């Protein structure tokens, strides 16, 4: 779908056309899932935050001022939902540990089971690094857009991403040495 078609669907969705909103959801679901899954590390929680995001977006799309910013807007909602879920993990200390996540992925034949090494490397990052890598690598945002979403400076985003990717790379090199 090209940018003009996306904008047309956004405008229709703003006027209450649920079919157009569904088309937008279908277009971005995969990117949203990658972002949420890699940020949270749990399939069910990723699906839950996406559901909450889509509901909020559907309810609030009439307030979207710039239709061409739909993707950024819905990812801001998703990012906020993921941050809240991470806060729940921290406060309840119920987040699954790396070994349990790995066992669950293997048992469930998760579609990303073949990427367990990358997942393990990703799990070594702190929450801020995970959020930045998720937005830039999995969701495709540039440093300016990521800085805006996270209310940070572009330089900070770029340096954090670089350190995070170096950390992941080092972990993978050690694993396969």
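Here r is the Cβ-Cβ distance between residue 128 and residue 4 and R0 is 35 Å; the resulting FRET efficiency, rounded to 0.05, is 0.45.
Between residue 65 and residue 170, the C-beta separation translates, for a Förster distance of 45 Å, into a calculated FRET efficiency of about 0.55.
Here's the picture: a label point sits 7 Å out from the Cα of residue 58 along the beta-carbon direction, and within segment 1-39 the residues with their amide nitrogen under 18 Å of it are 9-30, 32-33. Modelled this way, with points 7 Å down the Cα-to-C-beta line, the labels at residue 162 and residue 14 are 3.9 nm from one another.
Rule-based calculations on the coordinates, nothing more; no lab input. Because the structure is predicted, anything quoted here is derived from the model rather than measured. Note that each Cβ is placed from the backbone with ideal geometry, even for glycine, and that neighbours are counted across all protein chains shown.
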